[in-house]
Structure formats: C-alpha cells, structure tokens
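To keep things clear, I will list the structure first and then write my remarks on it.
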Amino acid sequence: GTQLPRSRIFVMLLRSLGLFERRILDKPLTTKHAPIGYYKGNQVRPLGKHTRKGGYVTDPDRLPILRVPNLEGFKLKPYVSHSTPLVTESLIQAVAKDAPAPSA
C-alpha cells in the first residue's frame, strides 16, 4: 500500500483525538493522550523481539556495525581541555595576518 508521510499521519492522529480543537498541542504528545496501541518511541529501531514469556531476543542482523579506523600513532586527543584559552575573533585575525599567503 501507499504510505503517508509521517507529518501527515501525525496531523491525522491529532485530528482524530480532537487536539486541534482543544488546543492541547502546547504540551508534548505522550502515550497517555494517544489512542490505544500508540507507541511514540525515540526514532530508534528495535534490536530484537519480546518473547511471550517476557524475555527479549536480540537479532544479530539488527545490531549496528561500528567501523572504527586504526588510531595507532594518532597524535590528537579526543577532548579539549577546560584550561584551553578562548579563541576570539581578534586572535583569529592576528593569526591570519601572520600566516603565509597560499601558493597556487
């Protein structure tokens, strides 16, 4: 079947609840104010399935694959120290004046 855009589905959901007329849209939509079976989630796909007995089985095909490059000999640190001086616009301009002109 044809799928509607998410925004259109959201508007249809709010109209079915009467939220446009009641001006409840100022508050975030929670599952308490939505129809039965509505699951808002957090834009994250599930990594498995719930079993009938209350367990959870992860599907290895759904696990994310993280590709990390080899960082041996990499000299930069991942974090900036709190004691690092603040870089201002005047400092950037002063460094730019002292920098050699780019060669073509």
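Read-outs: derived from the displayed coordinates by stated rules, not from any lab. It should be emphasised that the depicted structure is a prediction, and the values quoted were computed from it without experimental measurement. Methodologically, a virtual Cβ is constructed for each residue, glycine included, from the backbone with ideal geometry; neighbour enumeration extends over all protein chains shown.
See the values below:
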quantity	calculated
Whichever lysines have a C-alpha closer than 18 Å to that of Lys32, once near sequence neighbours (fewer than 8 apart) are set aside	Lys40
Chain lengthening between Ser81 and Phe10 when straightened (0.36 nm per residue, less Cα-Cα)	21.2 nm
Potential extension, Ala99-Tyr39 segment - 0.36 nm per residue separation minus Cα distance	16.0 nm
Where a label projected 7 Å from the Cα of Ile65 along Cα→Cβ would reach, residues of segment 31-57 with amide N under 19 Å	45-48
Residues with amide H under 5 Å from that of Gly48, placed H, sequence gap 5 or more	Asp59
